[in-house]
Structures are given as C-alpha cells and as structure tokens.
Ligand SMILES: [Zn+2]
C-alpha cells in the first residue's frame, strides 16, 4: 500500500509536466486537447469591497474544485512518486495507469439498455485557419456571396504607425479619408471612427440596406459583444439599434481577412495610408476611454521606470526595464529555477548561512564573501569558464532576458557544477 500526502499540489503542479504525463496515457486525442486548452486558458480575478481586479493568467498550478484538476494532479504526482519508489531497494515493479471506462461498460454498470447511439467520428473536413487559407479562396467566397446582394456595400480600413493614424471609407466611387489623433489605437480607429463615420454616411444618405466590409475581426467581435461591451461597443450598438428601430435600416457587418486581394478592400487600405498627407482628409481628435487609459498607463510606467532606474538595489542593477522576465527559449524547469534565483540574488550557496545561523560563507580562492555577483563576475575559481564562454562583465548583461544569455548561463552553471548549490 502506498500513501500519498500532496502538499500545495494544486498550486504548485507544473502545467507542462501534467501535459507530458497525461500525453503518455491519453495520447493526442480530443480529451488530451481539451485538458491542454483548459490548462492554458485559466484566469483569475480578485474581488475586494465589490471591486473586481483585472484578469490575470494563472501561470502555474491548476484550478481547484475542477474534476479535471483532480485527474491531472493525481496522475502527475502519483506517477512521479511511483517512479521514485521504483528506484528504491526491494520494491516490486509499480505502475500507475488510470483505467478509463468505455461507454458500453458504463451503460452496463448503470443498467441502461441503450444500444443505438451516435459514435464520435473524426472530422473529415480540413481545419479552417486564416494562416493556411490562400487569398484566392477568400476572393472566390467573397464574389460568390456578393453576386446576388442588392444592398449598398461600404468598405473600411484603418492603420497606424509611429507618427500617424489614418482611416478610410470606400462607398461606390467615393473615398472618405480621416486623420486621427496619434494616441488613438488601431483598434479604436477600426471599431470606433470608421464604423461611426459609416453610420453617419448611412443616415445622411438614407441607405436602407447596407453591408459594412472590414478586415478587423476584433472590431466586429467587439461590436457584437452585448454581455460585457466596451465604451466604444456601447456607443456603436446604440447607434445601430436606433437606426434599425427608428429608421428601419438594415445594417450588416462582413469580415474580409486583410490583404485578400479584393479590390475595394485594397482601395480602402491605400486610402487610409494616404489620409495623413491628403488635403482632402478630415481631421478628428476625439479619444476613447480605452486610449486615455492606455496613455495614463504609459505615463505611469514611464514614471515607475525613471524611479526604478534612480534606485540602487540588487535587482535594478540587473534589470533596467519593466518588461516581464520570461524564458524566450525552451528551458528545462530546473534551470528556470536556477536562473530565477541568480536573478534575484538569493541562492543556497550565498544565503543558506541565514537559516543555519552561521557566518556568511567566504570564497576559498578569493577570500571575500560569496555572492551571486562574485560567482558570475569576479571569482578566480570560475575565471576560465567565464572567458571560455565569453561571458559579459556586467551582471545585467549576463542575466539578461536573451536566448543566447540564457543558453550561456546554463552552460556556465553546468560546467562549474553549481546546479545543486544555487
Ligand atoms: Zn571567489
């Protein structure tokens, strides 16, 4: 009999390990894909005095209270524990293989006399994706769909670069171009300015039946979101609702993937790019809440960054920006832990004396206190390894978030045999 007590199992279980472990049992079938997506899309929010925080992604661990989480955790930890036991002395061969009951067994066990049921078939249709679909397919579908349409067709587009934001509307032979404020995001340009201007056009010209063509799927999704709409979506939904109810206008939106070689769409694309230099463009300077929020956030980040650089701490010596520290290359979990410890400057070799209530450790070769900085940049013991790897002199460069730097630091730790000491 084997007893297991899993402390903090749900919070600490490593997602990748769960998937690797489950893939051996479930292979790459639908259940495996379901669990993979389930683990990938977990988010959480915190509520304090009826105020809800923004949404955070659950980077590690799994959701408590979910049946799938129990299966995933037990499979992951139990197999690991059994693997460890197998390496122990005098133990018979052990394996943990969860048995999945088939539907017929379940029906039999529950005395349900159902014999004719639809079995799940594999899809014969190819999976649709914007990346793999050629523009000729879009073009063909587009012409097929519009050939019998008698309604008005309005094409829109917007684009943004470092110095300008432009938007354009194409309706028959007419082109409308708009210069937008530089702080306006491309999303605001596509979902707010363009659509609002189209609705104005529809109202002024009494267009009874119109289709608005756009290459912005996010704009369409935003506008059709009635459960939790943004300020922009609310505004547009109200406008469309009023036009439909009071004026009995028919308005539809149609998504055309960008650069599908559809002439009208390409015209709109060209027009918004020339909007900034054209004397025919209309200037507008309204900014949405969303853009103001982004500007305030940018300003706050700038102030925080300046404050961060003015401090003199261990961490700001090695991290000069506010970017997240992530692992840009696939890094074994063990080295992720080691590199994170090196970055925060706390490791077993330099800080275990605190727990042991001893004096700080002194380097036998150099006669100075052992610190992460000393090991990586100064220590005579590791000088040859440092120069053979051509490691930079500053701690910030050694520990930077760059694939080569991460590969070098892993090589350094391995060559210096420091894995168990960090
Ligand atoms: Zn030393």
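Residues 408, 157, 231 in ascending order of nearby Cβ atoms (within 10 Å, fewest first): 231, 408, 157. Shown for 379, 151, 300: other C-beta atoms within 10 Å of each C-beta, ranked fewest to most, produce the order 300, 151, 379.
In terms of surrounding Cβ atoms within a 10 Å radius of their Cβ, 337, 194, 46, 186 rank from fewest to most as 46, 337, 186, 194.
Sorted from greatest to least, the principal axis extents spanned by the alpha carbons of the range 268-422 come out as 76, 32, 26 Å.
Based on alpha-carbon centroids, what's the gap between the range 189-230 and the range 397-415 in Å, whole number please? The two parts, judged by their Cα centres, are 49 Å apart.
Coordinate-derived values only; no laboratory data. Fair warning: this is a prediction, and the values are worked out from it, not measured in the lab. Every residue, glycine among them, receives a Cβ derived from its backbone with ideal geometry; neighbour counts consider all protein chains shown.
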